[in-house]
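Below: the structure, in structure tokens.
The values are calculated or read from the model by the stated rules, or taken from the named source; none is laboratory data. Every value quoted in this text rests on a predicted model; they were computed, and no experiment measured them. Because the Cβ atoms are built from the backbone with ideal geometry, glycine has one as well, and the counts that use them run over all protein chains shown. All accessible areas refer to the heavy atoms of the entire protein, side chains included, with ligands and DNA or RNA removed. Shrake-Rupley method; radii C 1.70, N 1.55, O 1.52, S 1.80 Å.
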Amino acid sequence: MLLKAVKLKKSFNSTWFKTGETPAVVDAGFSLNPGETIGIVGKSGAGKTTLGLMLAGVIKPDFGQIFYKGEDIWALTRRKRRRMQQHIQMIFQHPESTFNPKWKISRSLMEPCRLHKMPVSEDTIIKWAERVGLAEDVLYRYPMQLSGGELQRIAIARAMSISPAILVLDEPVSMLDTSTKAQIIRVIKKIQASTCAACIFISHDVDIARLICNRMYKLENHVLR
Amino acid sequence: MKLIFQKFLLYPTAFICIVSINFFFIHMMPGDPLVHLLGEEGYYYLSTQKPAILERMKKEHHLDLPVYKRYPGYFKKILQCDLGWSNHYGTQVFHVIKFRLKRTLMLLFPAVAVSTLLGGFLGALAGWKTRGMLDKFLTPGFLFLYSIPGYCLGLMLLIFAFHLDIFTGTNSTGSAAIWPMITVILHSTAYKYMIMRNSLHQELHETYVVTAFSRGLTDRQVLFRHVLKNALPPYIAVVALNLGFMVGGTLLVEIVFSWQGMGTLIYEAVFSRDYPLLSGCFIILSLCVIFANAMAELIHAYLDPRVRKGGTLV
Amino acid sequence: MFKRNREIFGTLILLFFLGITFFGDQVAPFDMDQLFAPYLSPGGRHILGTNNIGQDILSELINAARISFMVGFVAAVLATVIGTVIGCAAGYYRSVVDDVLMRITDIFLLIPALPLIIILVSYIGPGIFNVIFVISISSWPGTARVVRANVLKLREYPFIMNARSLGANDVYIMFRHILPNTRELILAKVTLATAYAMLTEAGISFIGLGDPDHTSWGGMLHDVMEGAGLINGLWWWYLPPILCISLAVIGFNFTGYAFLNSDGIKAVDQGKKNNFSGKNNSPVSRDTDMIFMAQNLCISFKNKAGNRVMAVDSVDLTVCAKDKIAVMGETGAGKSILLLGLLKLLPQGARVSGAIEYHGRDMAGFSDEEIRRIRGVKTAYVPQAAGNGLNPVLNIGSQVAERQIIHFKTDKKTALKQAQTLLADMGIKNIKKRISDYPHQFSGGMKQRLLLASAMLSKSGVLLADEPTKGLDMGNKKAILEIINNSSAKACVIVTHDFWFAKRFATTIVVMFQGLIVESGPRESFFSTPFHPFSQSLLAALPSRGLKVRCGYVPGRLGDFQTGCPFLARCDVKTGRCMQRPPLFRQKGHKVRCWHYAS
């Protein structure tokens, strides 16, 4: 078992003296095996994004644990958790803001490797870009000069650059139009097949989720089933 | 409602802070606190002529107690409107300020009202049709007026009036008020015009404007029924924040025109080193600004349902 | 262009003053210690005369510039540093830190600055560094607020989240991601704060609290007041400092706003070249009951780089009674603009050519009053609900009823009652209570219904709607579909991405690609046998048809196909003829813009 979540809970309170707590996720628990794709579907506002952020280790759950290969990730030391985090990567809903607007694409693409002190060169990132079907010249542009579909491809390339074991996809195609949607899903599937990464596909579109997921969970009224 | 309540806690806190700043300066700055409590003239007079009274004053102000124990007494005095004794004027500070404040408010009230309305109105018209005739003529003019400090504008107006021989002089309060008032109004109208123009211009990009037009409304109906109602709350908020600066500007303009308000009072207090008078002026002026801000907050809440009905405004 | 000029003007002024500040000693004709006869008029050796103690005024002015700029700049930098640190901390750490810091900031904003500065200076004594300290203490809150707002916005962005999911620490995120994206803001704040600090410094020097050893422009004015320069009309003494202060402030303000307006990165032209050659030969059927007819309609905009971009390109569209048209296509295909164009609701800067006829009459000849009647009475336009489609500060009742009140002179009560009935029919519960609520109290699906209601209350003949099902889930979509199908409108034109919706609502499907209509045809045959390669690829990509990628994405830039078929780059069945732009061909009841169907 690659990843296991047990009884996750997270709520946001509006002010620091705890008034008006709004639950984002009340109860979520599931398990993920290597190489498989699971779907998490639910209506807007059901707390899907919050769950995704928790799984990627960006925000800490109020209660419950996340086990990666049997280790509770929030019980690890800070340094160990940092090393662990390269194994779980996330792709976000809005492609136009997943990149620092002040950086050229090439710099953004190299960021994960630089942060984890892995060797990286221009040639390798060109290879990554080709893997997701992009030409070299997009690497030397700024994010605002590219289309949503192109950016989402680069986001996939960036996430896969440090060869993670798990990819959390938070509505990766909901902001794209129909034909681009299909292309992106193709890219994801292709890459997944070549790297054997496990995927958690978060979406509100049951049709798409059904097509690519092995198992599905439903997030309803803040509870995951 | 909670949001409004939270906001209103702010005003008393601000007042306490202002009193505390004053206290800090009087009691914690190097030197004898009595100098700060009596002013330099008063301290000099008493210490050379009547040292006995000076000793009594020390007792009266509890200067023998440690610093933190003096604070409640000081605060109580402020609440009782006892701001100390002005040696320069030979009377209670509060009395001097009471008279002078009236004269400053005489300038400020009409200026705030006129500039808010006029600046808002002209700004709205110019922002509605940017690159229209009105915008083309008014914007550079107001931009220039806004960049000249208020008192410099006052100086220029004064000279201008002097040379054209239309200066009304200082015979009666009414005629003396005209020039400083024109100065303050011109300067703050310029600022408010710029704010309103930009705020309205931004509103025009919102979708609801298209919705309104699609209902077949006329330009005027869209402007007054829809756009202005959205542009007003932020405008009021900015006007409120600007009040503090406006007070400062007015003080300087008063000095230029020798208008006997708070500005000239502070000027004289600075020169005679009359500290009680200075800190009294500061406390009273701050109180006025805080009060005006509270009022503006109420108007803002009334105009914007997102605040009134507990939206998620940050 | 006016804006650009302003920026250049501002920068020039600043450069001039900076030059004076740095090379003051070389420029100034006399030393400040040299005394001449007092009150000399301008002329001869003294270009601006002398002051009350016999100093050369031009030299004094130049020396004062140095003081004014030094005080202004140092105070502004200090204030901005304090403000940025506090703003960043509050925005980034939020919760307790944010609340405490922001309350302090609010309190500082409430205290009137000038009186505070006066009292501070008079307690700690005049002196250049005291003045700098006091000004920066009193002017940081504005910066703190703006920076905090920006950081608060940035920290929720996915690229920050991504960096965090990579395990980056706070310092890295702050210096690599957040601060670079706040740079323009901070630069703008420094310049604007310098203007403010110079003004304040001039103000306190003017009342005589400046450093007596270092006269600034404000200090010169103080001397004028003291030395009776005003009453005696010594204009060469008081005018120069006034002009200098004003010019410097204008310079800083203009430059500051220039920073605020810059996007940091120059937008690169993604647009196509302007070309009006696409003449259309296809005959237009003239129906008797036709309502709208667009003929060869072209709408273009200027993009950021100043090139004209065609949003709608030679479109012929006829809307007849009983037509239910769904306009489909990719994002940016010009669908929404086409709708707005029909009602002449285009934003400023749009250039329109071609003709739109309404009931056989050219709309170009209509008066404002007639166009308003068409917008308000004859048609009902529904904008997208995302964002502020509804006015956020008006209650929903008055917005839904507005059409009735304005155009049919219904009194407010009756109109509101009609609105209530309609909204109740649309499935909004508890309507009596909610009629005076405000838009922010409704969910996305509800807002969409409100917009529909506000358009449909007057029972107009034509319904024009822009993506009425965008971002809604199935339940809401079904409700919207039902409302539209039950409406009394004789004809509908609806822009949509949603095939599910189009399939159940439309009688005719129109597909747009890059501003052109590439295919139009009846619903049944469109969904079974689409002709244009683009339509085929759209349908193939549907999840229900297996997400097939037929005509895929092509790396590199789109555009520059103006002379050829717009779909050329992505087409998998292209031939040599496709280098020319195809007209619309008739094919089994469809009109298709593709050479494959040339008879």
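A few remarks follow.
- About the centre of its Cα atoms, the stretch A:3-224 shows a dipole size close to 740 debye [charges on the beta carbon of Lys, Arg (+1) and Asp, Glu (-1) only; nearest 20 debye].
- C/B buried area, accessible surface, summed, 1.4 Å probe, Å²: 6500 Å²
- Altogether, the Stokes-Einstein calculation at 20 °C and 1.002 mPa s, with the Kirkwood radius of the stretch B:95-160 over Cα pairs as Rh, returns a diffusion coefficient of 151 µm²/s.
- Largest-first ordering by accessible area, 1.4 Å probe, given options C:Ser525, C:Ser216: C:Ser525, C:Ser216
- Entry note: the stretch A:134-225 has Rg to Rh equal to 0.99, where both radii use alpha-carbon atoms and Rh is the Kirkwood radius.
- Angle in degrees between helix C:474-486 and the longest Cα principal axis of chain C, rounded to the nearest 10: 70 degrees
- On the principal axes of its alpha carbon atoms, the stretch A:63-162 extends 43, 29, 24 Å, with the longest extent given first.
- Using the empirical formula 2.2 N^0.38 Å as the baseline, the Cα radius of gyration of the stretch C:423-463 reaches a ratio of 1.18.
- For C:Arg361 and A:Arg114, a Förster radius of 56 Å and the Cβ-Cβ distance give a FRET efficiency of 0.30, rounded to the nearest 0.05.
- Each of C:Val393, A:Ile185, B:Pro305 was placed along the dipole of the protein assembly as shown (beta-carbon charges, centred on the mean Cα), and the one lying farthest toward the positive end is A:Ile185.
- Compared with the alpha-carbon gap, the fully stretched path from B:Leu298 to B:Leu164 is longer by 43.8 nm at 0.36 nm per residue.
- Between the helical axis of B:33-49 and the longest alpha-carbon principal axis of chain B there is an angle of about 40 degrees.
- Remark: the C:Ala321-C:Ala424 segment gains 34.3 nm on full extension, using 0.36 nm per residue and subtracting the alpha carbon distance.
- Sites C:Ser353 and B:Arg131, calculated FRET efficiency, Cβ-Cβ separation with R0 25 Å, nearest 0.05: 0.65
- Projecting the Cα atoms of C:Ala326, B:Gly261, C:Val309 onto the dipole axis of the protein assembly as shown, where Lys and Arg carry +1 and Asp and Glu carry -1 at the beta carbon, places C:Ala326 farthest toward the positive end.
- Accessible area, probe 1.4 Å, largest first, for residues C:Lys588, C:Lys503, A:Lys181, A:Lys69: C:Lys588, A:Lys69, C:Lys503, A:Lys181
- Helical runs (DSSP H, four residues minimum) scored at -39500 (n - 2.57) apiece and divided by the length of chain A put the mean residue ellipticity at 222 nm at -10000 deg cm²/dmol.
- Each 10 Å bin, from zero up to the one with the longest distance, holds this percent of the alpha carbon pairs of the protein assembly as shown: 2, 8, 15, 18, 18, 15, 11, 7, 4, 1, 0, 0.
- Total charge dipole magnitude, the stretch C:65-270, about the Cα centre, Cβ charges on Lys, Arg, Asp, Glu only, Debye to nearest 20: 680 debye
- Spin-label model, C:Thr414 to A:Met1: label points 7 Å out along the Cα-to-beta-carbon direction sit 7.0 nm apart.
- Debye-sum result for the stretch A:3-224 in log10 I(q)/I(0), which assumes one identical scatterer on each alpha carbon, at q = 0.11, 0.14, 0.16 Å⁻¹: -0.55, -0.89, -1.15
- Mean-position separation - Cα centroids, the stretch C:193-231 and the stretch C:523-545, in angstrom: 76 Å
- A straight chain from A:Phe67 to A:Val206 at 0.36 nm per residue would run longer than the Cα-Cα distance by 47.3 nm.
- Within the stretch C:65-270, all pairs of alpha-carbon atoms sorted by distance into 5 Å bins from zero give the percentages 1, 7, 13, 16, 16, 13, 11, 8, 6, 4, 3, 1, 1, 0, 0.
- Within chain C, helix-based [θ] at 222 nm, where runs of 4 or more DSSP H residues each add -39,500 (n - 2.57), nearest 500: -15000 deg cm²/dmol
- Of the listed residues C:Lys490, B:Lys58, A:Lys102, the order by accessible area with a 1.4 Å probe, largest first, is C:Lys490, B:Lys58, A:Lys102.
- Taking N as its residue count, the alpha carbon Rg of chain B over 2.2 N^0.38 Å: 1.23
- Exposure of A:Asp137 as accessible area (Å², to 10), given a probe of 1.4 Å and all protein chains: 70 Å²
- The stretch C:385-454: trypsin sites (Lys or Arg not before Pro) in DSSP coil with no more than 14 other Cβ atoms inside 10 Å: C:Lys409, C:Lys429
- The protein assembly as shown - charge dipole about Cα centre, Lys and Arg +1 at Cβ, Asp and Glu -1, debye rounded to 20: 5340 debye
- Longest to shortest principal axis, alpha-carbon extents of chain C, angstrom: 101, 62, 60
- C:Glu482 sits with roughly 120 Å² accessible to a 1.4 Å probe, with DNA, RNA and ligands left out of the calculation.
- Computed over chain B, relative contact order equals 27 percent, with contacts defined as Cα pairs under 8 Å that lie 6+ residues apart.
- Between helix B:275-303 and chain B: long-axis angle, C-alpha atoms, 0 to 90°, nearest 10: 30 degrees
- Accessible surface for C:Arg6 stands near 50 Å², nearest 10, in the context of the full protein assembly shown (1.4 Å probe).
- Counted over the protein assembly as shown, the DSSP beta bridges are approximately 55% antiparallel.
- Here r is the Cβ-Cβ distance between C:Arg94 and C:Ser41 and R0 is 51 Å; the resulting FRET efficiency, rounded to 0.05, is 0.20.
- Interface C-A: total buried accessible area of about 4100 Å², 1.4 Å probe, protein heavy atoms only.
- Binning the C-alpha pair distances of the stretch C:377-486 at 10 Å intervals from 0 yields a P(r) profile of 15, 52, 31, 2 %, listed from the shortest bin outward.
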